[in-house]
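Visitor: Before anything else, here's the structure in question.
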Amino acid sequence: MKVSLFATCIVDMFQTDVGKATVELLERLGCEVVFPKGQVCCGQPAYNSGYVKDAKEPMKKMIEAFEDAEVIVAPSGSCAFMFREYPTVFKDDPVYFEKAKKVASKTYELTDFIVNVLNVEDVGAKLEGKATYHPSCHMTRLLGVSESPKKLLSNVKGLEMVDLPNSYNCCGFGGTFSVKMGNISEQMVDEKVDSTLQTGADYLIGADGGCLMNIGGRMQRRGENVKVLHIAEVLNHH
Amino acid sequence: MSIQYNKHTFKDNVEENLNNSFMRGAVVSAQDRLRTGRINAAEELGDWEEWRAHGEEIRQHVLNNLDYYLHELAENVEKAGGHVFFAKTAKDATDYIQEVATKKNAKKIVKSKSMVTEEISLNEALEEAGCTVVETDLGEYILQIDNHDKPSHIVAPALHKNAQQVKDVFVDKLDYNPQKSAEAGELARHVRTTLRNEFLTADIGITGCNFAVAESGSICLVTNEGNAGMVTTIPKTQITVMGMERLVPTFEELEVLVNMLTRSAVGQKLPSYVNVMTGPRKPGETDGPEEFHLVIVDNGRSNILGTDFQSILQCIRCGACVNVCPVYRHIGGHSYNSIYSGPIGAVLTPLLAGYEDYKELPYASSLCGACSEACPVKIPLHELLLKHRERIVEQEGKAPISEAMLMKAFSLGGSSSSIYATGAKIASRVVAPLSKNGKISKGPGPLKAWTEVRDFPAPKKERFRDWFKEHEKGSDK
C-alpha cells in the first residue's frame, strides 16, 4: 500500500527519530512510504487559539498536498484528528469542503492504521523493560483510537506494560495552553510525571509528539530517569 | 452574591489557589471519588451512550420549542393556583421577590439550594428588604456561616473544604463542642438540630428548580438532605426561581433527566428525595404553601438562543464536567471567579457576564475533551470553548497583539511550503546557539514560558524531510 506520510511539524523539526522510525516501521510492514513535499503544519496551533482565519491558509496547503493520496498516515493522534476535522472547518467553503472530506476520510493515526487497516497486531518489535502508556486526549477522546496502541504494545517482546494511574487526565500540553496558562500546565504535567514515577516504569510511551515533548521536557528538568518514547520508536525497535 | 465573586484577575486567583494545598487536596480526592461514582452508575444503566443521545434530544427539543413550553408551563402553574412572573433581568426578578416579601411582611426566609438565586444576588436583595435569609442545604449553609465563603462547585458548593475545616467553622460559629468528632454524620446531625427551628419559624420558603414539567405546571426538586421538602411544606408562601431553560415537556422526560442528573452528579441511581410540587396547597391537603410564585429568569439566556452557543442551555447542572476537568482539579472553583466554575462555567460565564471580566476563562482549558465526554446531555463543551476563542480573537479584538502577529506569521509561513521550509530552517538556526546537550533550558519569546518549567528539545541538525530525501535515494524509489 502506498502511504503518504503526514510527518507533523514537531516530528519534522524536533523529533526526526520518530519520523525515521515511522518510515522504517511502515516499510517493514510492506508499505511504500512517500512524503508529499508541499506539506506544512496542519494549522492546529492557530486554530485552537481562536485564529481560525489564519489557520485556514496552512490547512488549504495541506489539503492540496494530500488530496490525491491513497492513504494518509500521521504519527500523532492530535494532528490526525485535525485532518479529520477539516470538513467542519471548511463547511462554508464549497470547494475546500469537498476536498477536505476526501482528505479526512483517508487519514489515520499510525497505530490505528497498523491495527485496523493493515490488520497487524504484532510488528515483531522487541524492547526489554517496564513501560507505561500515556493515552493522549485528542487521540483517545476525539479521534477515538485507544485500543490499537495497547494491542501493539502488548505484543512487544520483553516489554512489561504497567497501568498509569489517572491516565485519562491531560498532561497539560494543550498546544498554546502550555505557555498561556504555564502555571496550571506545570501542575498538570507534574501530576503526570508523579504518576509515571509511581509505576516504577523505565519508559513512558505515548503516541503524540506534543504530549511527549511536554512530559519529557518536565522529566528532564526534574532530573528523572524515565525515558520518554514515541510508540513508533518502540514498535521499530527490534 | 452575583455571578462574580471579586475584582481580582483570573491570573491572581489562579496564583492564590495553586498555593492553597488544603483546597487542592480536597478537590483532588472529591474529583476522583465523583468520577468513579459516575462511571459505575452509568454502567449500571446499560447503554449509557444511548441514554446520552436521548438526554441530548430531549434538551434540544425543549430549547427549539422553548416559547411553546414556557407558555404551557405558565398556563398550567396558573391553572393550579400559582403566580408566574417572567423576569427579563436579575433586577426584575429581585424586585418582584422583594415585593412579595414586603407584602407578606416576611422576617425570615429559608432557602433550598439554587444557583440562579446566586446569579441574581437574591440574598442581598432580601436582606435589603429587611429579611433574614437562611440557606438550608448543608454545603450552602456551611458557606453562609463561614463569613459568606463562595461556592466552588455547582453541585457541591463547599467541595473545597474538608471535614476538619468544616468542624473548625462549626466550633467557631455554631458552638460545636471542640471535643466532638469531625465525622460527616456527626456534623450533619448538629446542623439538623440547628436548622429545625429555622424551618418552623420561616415566613417564606425559596427554592430553585431542577426541572419544571410543562404539562402539569409542576416543579421538581432533587435533593439528598430533605431540606427542600421542609422549605416547600412549612412556610405559608413559597417562591421558586428557575432559569428559563430548565423545563421538560412531560413526566416521561423528567424521569430520563433525573436519572441522568443524579448518576452524573454524584454517582447515585436516585437521590434521597425527588419532590414534585404543583401549585399551592389545595383544599383538604395537609401541607404545602398557601401561596406559590414561580419566577422564570431570563437574565441573558435568550441572547444565547439561536447562536452557536445554544447547546450550553442544554445543561442540567450535574457538574460531571467539573468533576473530570484536569484544570479545575488544580485551580479549584474559586479561580473561575464565577458561581459557575469548571468547563461549564468557562463557557457559560462569559456568555452571561461578558468578555470584559472573563476573557481568560475560555483559555483555561487544554481542550482535552474530558468535559465533552462526561456531559450526560452531550454539550460539546471543548468545542464551545474554541468558539469563544474564535470570537475573542476575530470579533472582539481582545487578543494580545504580540500573539496576533505570531499567528499572522504562522499563517504566512503555512501558506507556502517554501516559506515554511525556510522559516523552519531559520528558526532552528536562531535557537541553535541557545541549546546545550540537545536541550534548551532557558529560551526567549514564546519559549520563555515553556522553559520556565520544562526543557525544550533543540531542533535537530537534520530535519526529517532532509533525511527522507536521502532515504528515498538510498532505497532507490
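The values are calculated or read from the model by the stated rules, or taken from the named source; none is laboratory data. What you see is a predicted model, and the numbers here were worked out from it, not measured in a lab. All Cβ positions, glycine included, derive from the backbone under ideal geometry; neighbour counts span all protein chains shown. Each accessible area value is taken on the protein alone, full model and side chains, heavy atoms only, with ligands, DNA and RNA left out. Shrake-Rupley method; radii C 1.70, N 1.55, O 1.52, S 1.80 Å.
Visitor: Taking only protein heavy atoms and a 1.4 Å probe, what accessible area per residue, in Å², does the range B:340-477 have with all protein chains in place?
Guide: Values: 6450 Å² over 138 residues.
For the range B:340-477, the per-residue accessible area is 47 Å².
Visitor: Further question on the same structure: Using +1 at the C-beta of Lys and Arg and -1 at the C-beta of Asp and Glu, which of B:Asn65, B:Val77, B:Val14 has the Cα lying farthest in the positive direction of the dipole of the range B:1-101?
Guide: B:Val14
Visitor: Please check the range A:29-56 for residues whose accessible area, probe 1.4 Å, is lower by 50 Å² or more when all protein chains are in place than in their chain alone.
Guide: The answer is A:Phe35, A:Lys37, A:Val40, A:Asn48, A:Gly50, A:Tyr51, A:Asp54.
Visitor: Using the structure shown, list the pairs from A:Lys37/B:Lys425; A:Lys106/A:Lys151; B:Lys91/B:Lys113; A:Lys61/B:Lys460; B:Lys88/B:Lys378; A:Lys61/B:Lys408 with a Cα-Cα distance above 26 Å, or answer none. Can you show the working numbers first?
Guide: Numbers: A:Lys37/B:Lys425 15 Å; A:Lys106/A:Lys151 22 Å; B:Lys91/B:Lys113 20 Å; A:Lys61/B:Lys460 24 Å; B:Lys88/B:Lys378 28 Å; A:Lys61/B:Lys408 15 Å.
From A:Lys37/B:Lys425; A:Lys106/A:Lys151; B:Lys91/B:Lys113; A:Lys61/B:Lys460; B:Lys88/B:Lys378; A:Lys61/B:Lys408, over 26 Å: B:Lys88/B:Lys378.
Visitor: Just the accessible area per residue of the range B:1-108, please: how many Å² with a 1.4 Å probe? Don't skip to the answer; put the middle values down first.
Guide: Details: 6070 Å² over 108 residues.
Counting only protein heavy atoms, the per-residue value for the range B:1-108 is 56 Å².
Visitor: Which of the trypsin sites (Lys or Arg not before Pro) found in the range B:441-472 are loop residues per DSSP with 12 or fewer other Cβ atoms within 10 Å of their Cβ?
Guide: On the way: sites: B:Lys442, B:Lys448, B:Arg454, B:Lys460, B:Lys461, B:Arg463, B:Arg465, B:Lys469; in loops: B:Lys442, B:Arg454, B:Lys460, B:Lys461, B:Arg463.
Here the sparse-neighbourhood loop sites are B:Lys442, B:Lys461.
Visitor: Taking just the alpha carbons, could you work out the radius of gyration and Dmax for the protein assembly as shown, both in angstroms?
Guide: In order Rg, Dmax, the Cα atoms of the protein assembly as shown give 28.0, 95 Å.
Visitor: Per residue, how big is the convex hull of the range B:53-132 when only Cα atoms are used? Give it in Å³.
Guide: Working: hull volume 10.2 nm³, N = 80.
Hull volume normalised by residue count: 127 Å³.
Visitor: Note every residue of the range B:404-438 with a reduction of at least 40 square angstrom in accessible area, all protein chains present versus the isolated chain, computed with a 1.4 Å probe, or write none.
Guide: B:Met407, B:Phe410, B:Ser411, B:Gly414, B:Ser415, B:Ser417, B:Tyr420
Visitor: Additional query: Per residue of chain B, what 222 nm ellipticity follows from adding -39500 (n - 2.57) for every DSSP H run with n ≥ 4, rounded to the nearest 500? Kindly include the intermediate steps, with their values, before the conclusion.
Guide: Numbers: 23 runs with 248 residues, N = 477.
About -15500 deg cm²/dmol.
Visitor: With a 1.4 Å probe and every protein chain left in place, work out the accessible area per residue of the range A:64-181 in Å², rounded to a whole number.
Guide: Details: 4560 Å² over 118 residues.
For the range A:64-181, the per-residue accessible area is 39 Å².
Visitor: Next up: When you look at the Cβ of every residue in B:390-398, what mean number of other chain Cβ atoms sits within 10 Å? List each step's numbers first, then the result.
Guide: Details: counts 8, 2, 2, 7, 5, 0, 1, 0, 1.
Taking the mean over all residues of the peptide, I get 3.
Visitor: Peptide A:4-14: average number of partner chain Cβ atoms within 10 Å per residue? Walk me through the numbers before you get to the answer.
Guide: Numbers: counts 0, 2, 0, 4, 1, 5, 2, 4, 11, 10, 8.
Counting other chains' Cβ atoms within 10 Å and averaging over A:4-14 gives 4.
Visitor: So for chain B: antiparallel DSSP bridges make up what percent, rounded to the nearest 5? Don't skip to the end; give the middle numbers.
Guide: Details: 14 of 39 bridges.
Rounded to the nearest five, the antiparallel share is 35 percent.
Visitor: Moving to a separate point now. When Cβ neighbours within 10 Å are restricted to other protein chains, what is their mean count per residue of peptide A:186-193? Mind showing how you got there, number by number?
Guide: Working: counts 6, 9, 6, 2, 2, 4, 1, 0.
Other-chain Cβ atoms within 10 Å of each residue's Cβ, averaged: 4.
Visitor: Moving to a separate point now. Taking a quarter of the surface of the convex hull around the Cα atoms of the range A:27-179, what do you get in nm²? If you can, show how the numbers build up before the last one.
Guide: Working: hull surface 40.4 nm².
Mean projected area of the Cα convex hull: 10.1 nm².
Visitor: So, taking all protein chains as they sit and a 1.4 Å probe, how much accessible area belongs to B:Thr89, in Å² rounded to tens?
Guide: Estimated to the nearest 10 Å², B:Thr89 gives 60 Å².
Visitor: Expressed in nm², what is the orientationally averaged projection area of the convex hull enclosing the Cα positions of the range A:144-238? Kindly include the intermediate steps, with their values, before the conclusion.
Guide: Numbers: hull surface 24.9 nm².
Hull-based average projected area comes out at 6.2 nm².
Visitor: Counting other Cβ atoms within 10 Å, which trypsin sites (Lys or Arg not before Pro) in the range A:1-79 have at most 13 and lie in a DSSP loop? Write down the numbers at each step before the final one.
Guide: Numbers: sites: A:Lys2, A:Lys20, A:Arg28, A:Lys37, A:Lys53, A:Lys56, A:Lys60, A:Lys61; in loops: A:Lys37.
Answer in residue order: A:Lys37.
Visitor: Follow-up question, since we're still on this one. A:Ile114: net charge of surrounding residues, Cβ under 11 Å, Lys/Arg +1, Asp/Glu -1, itself excluded?
Guide: Numbers: positive: A:Arg28, A:Lys151; negative: A:Glu109, A:Asp112, A:Glu121, A:Asp122.
Net charge around A:Ile114: -2.
Visitor: Using a 1.4 Å probe over the heavy atoms of the protein chains, calculate the carbon and sulfur portion of the accessible area of chain A as a whole percent.
Guide: Summing carbon and sulfur atoms, their accessible area is 47 percent of the total for chain A.
Visitor: Mind listing which trypsin sites (Lys or Arg not before Pro) in the range A:91-122 are in a DSSP loop and have 10 or fewer other Cβ atoms within 10 Å? Don't skip to the answer; put the middle values down first.
Guide: Details: sites: A:Lys91, A:Lys99, A:Lys101, A:Lys102, A:Lys106; in loops: A:Lys91, A:Lys106.
Sites meeting the loop and neighbour criteria: none at all.
Visitor: What total accessible surface area, summed over both chains, is buried at the interface between chains A and B, computed with a 1.4 Å probe and given in Å² to the nearest 100?
Guide: Chains A and B together bury approximately 6000 Å².
Visitor: Only helical DSSP H runs with n ≥ 4 go in: add -39500 (n - 2.57) per run for chain A, normalise by residue count and round the 222 nm mean residue ellipticity to 500 deg cm²/dmol.
Guide: On the way: 12 runs with 119 residues, N = 238.
Helix contribution divided over all residues of chain A: -14500 deg cm²/dmol.
Visitor: What net charge do the residues around B:Gln98 carry, taking every other residue with its C-beta under 12 Å from that of B:Gln98, with Lys and Arg at +1 and Asp and Glu at -1? Numbers along the way, then the final one.
Guide: Values: positive: B:Lys91, B:Lys103, B:Lys104; negative: B:Asp92, B:Asp95, B:Glu99, B:Glu124, B:Glu127, B:Glu128.
In short, -3.
Visitor: Taking N as the number of residues in the range B:157-313, what is its Cα Rg relative to 2.2 N^0.38 Å? Working shown, then result.
Guide: Details: Rg = 18.4 Å, N = 157, 2.2 N^0.38 = 15.0 Å.
That ratio works out to 1.23.
Visitor: Suppose we keep just the DSSP beta bridges with both residues in the protein assembly as shown; what percent of those would be antiparallel, to 5? Working shown, then result.
Guide: Working: 14 of 60 bridges.
DSSP beta bridges in the protein assembly as shown are roughly 25 percent antiparallel.
Visitor: Still on this structure, please answer the following. Using Cα pairs closer than 8 Å and at least 6 residues apart in sequence, work out the relative contact order for the range A:14-159, in percent.
Guide: On the way: 174 pairs, mean separation 29.2, N = 146.
Computed value for the range A:14-159: 20 percent relative contact order.
Visitor: Additional query: With charges only on Cβ, +1 for K and R and -1 for D and E, what is the dipole size of chain B about its Cα centre, in debye, rounded to 20? Kindly include the intermediate steps, with their values, before the conclusion.
Guide: Details: 55 positive and 63 negative charges, 437 e Å.
With Lys and Arg at +1 and Asp and Glu at -1, about 2100 debye.
Visitor: Follow-up. Please calculate the 1.4 Å probe accessible area of B:Trp467, with all protein chains present, and give it to the nearest 10 Å².
Guide: 30 Å²
Visitor: Suppose we compare each residue of the range B:285-328 in its chain alone and in the full protein complex with a 1.4 Å probe; which ones drop by at least 30 Å² of accessible area?
Guide: The answer is B:Pro326, B:Val327.
Visitor: With a Cα-only, solvent-free Debye model of the range B:34-73, what are the log10 I(q)/I(0) values at q = 0.14, 0.19, 0.22 Å⁻¹?
Guide: So the normalised log intensities work out to -0.47, -0.65, -0.71.
Visitor: Local charge sum around B:Val322 (other residues, Cβ-Cβ under 12 Å, Lys/Arg +1, Asp/Glu -1)? Working shown, then result.
Guide: Values: positive: B:Arg35, B:Arg38, B:Arg317, B:Arg329; negative: none.
Its environment carries a net charge of +4.
Visitor: How much of the pair distance distribution for chain B lies past 43 Å, counting alpha-carbon pairs only, in percent? Numbers along the way, then the final one.
Guide: On the way: 26928 of 113526 pairs.
Every Cα pair in chain B considered, those over 43 Å come to 24 percent.
Visitor: Determine the dipole magnitude for the protein assembly as shown: charges of +1 sit on the beta-carbon of Lys and Arg, -1 on that of Asp and Glu, nothing else is charged, the reference point is the Cα centre, and the result goes in debye to the nearest 20. It would help to have the intermediate numbers written out before the result.
Guide: On the way: 81 positive and 94 negative charges, 407 e Å.
With only Lys, Arg, Asp and Glu charged at Cβ, the dipole is about 1960 debye.
Visitor: If you roll a 1.4 Å probe over the range B:375-477 with all protein chains in place, what percent of the accessible area is carbon or sulfur? Walk me through the numbers before you get to the answer.
Guide: Numbers: 3280 of 5690 Å².
Summing carbon and sulfur atoms, their accessible area is 58 percent of the total for the range B:375-477.
Visitor: Rg/Rh for the range B:77-215 to two decimals, with Rh computed the Kirkwood way over all alpha-carbon pairs. Please report the intermediate quantities before stating the final value.
Guide: Working: Rg = 16.6 Å, Rh = 16.5 Å.
When Rh is taken as the Kirkwood radius, the ratio is 1.01.
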